[in-house]
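Working notes, beginning with the structure itself.
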Amino acid sequence: MHLVIVDDDSVLLGALARRFSQRGFSVTTYADAITAEQLIAQQAQAYLLDLRFASQSGLSFITPLRAALPQCRIILLTGYASIANAVQAVKLGADDYLTKPVDFLQLEQAITGKAQSGTATDTAVLLSPEQLEWEHIHRVLAEHGGNISRTAELLGMHRRTLQRKLNKHRP
């Protein structure tokens, strides 16, 4: 299986390329800005895209990849997960949306589309109150086109408080 990995984290990129190569995958990696045409030209069976890399977004590649290669698997991987981004990725045609750090077996399952026996990926995970707040803030922000002032007003908090919360990583 040919896999294309797009991520600007060179350490993670190298580790994933090594692990998938050891599993028999043919791997092509990109760490710098690229075009959708470059990705499509690879004719891969699976694409692992970082949500934020270089000055680009992995979301921008989903639609052209899905149109050109309808049978390929598209997985979005991010360290900045939010429900709004996950919903958007799936609506655009992504097969899966995973957050970093990710378990390698879970990642392999997403790429191959096959569940491994003996894994517990289907168990429900409860979110902490901090995670729920973070998700809610990002959903409201996405609904209002990134307008921080309007989002703060709707959430009943000061704009500066909202900006501080937005600058933090997901809990």
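The values are calculated or read from the model by the stated rules, or taken from the named source; none is laboratory data. Given the structure is predicted, the values throughout are model-derived calculations rather than measurements. Methodologically, a virtual Cβ is constructed for each residue, glycine included, from the backbone with ideal geometry; neighbour enumeration extends over all protein chains shown. Accessible surface areas use protein heavy atoms only, side chains included; no ligands, DNA or RNA. Shrake-Rupley method; radii C 1.70, N 1.55, O 1.52, S 1.80 Å.
Starting from region 147-171, keep only residues that are at negative phi, then list their pairs with residues that are open to solvent by 90 Å² or more (accessible area, probe 1.4 Å) and assigned to a loop (DSSP other than H, G, I, E, B) whose Cβ atoms are within a distance under 8 Å, requiring at least 6 positions of separation or different chains. Qualifying pairs under 8 Å: A152/H158; H169/Y80; R170/Y80. The set of residues from region 11-47 being among the small types (G, A, S), under 15 Å from L77 (Cβ atoms), open to solvent by 30 Å² or more (accessible area, probe 1.4 Å) and touching a residue at least 12 places away in the same chain (Cβ under 8 Å) comprises just one member, A31.
Being part of a helix (DSSP H, G or I) and either acidic (D, E) or out of contact with any helix residue (DSSP H, G or I) (no Cβ under 7 Å at 6 or more places or on another chain) (or both) is the filter here, so list the residues in region 67-91 that pass it.
Selection gives A67, N85, A86, V87, V90, K91.
Filter region 48-67 down to residues that are closer than 20 Å to P101 by Cβ and without any contact (Cβ under 8 Å) to a residue 60 or more places away in the chain, then give me how many there are.
Of the residues in region 48-67, 6 are closer than 20 Å to P101 by Cβ and without any contact (Cβ under 8 Å) to a residue 60 or more places away in the chain.
Taken over region 133-171, the residue count meeting the criterion of being in a loop (DSSP other than H, G, I, E, B) and small (G, A, S) is 3.
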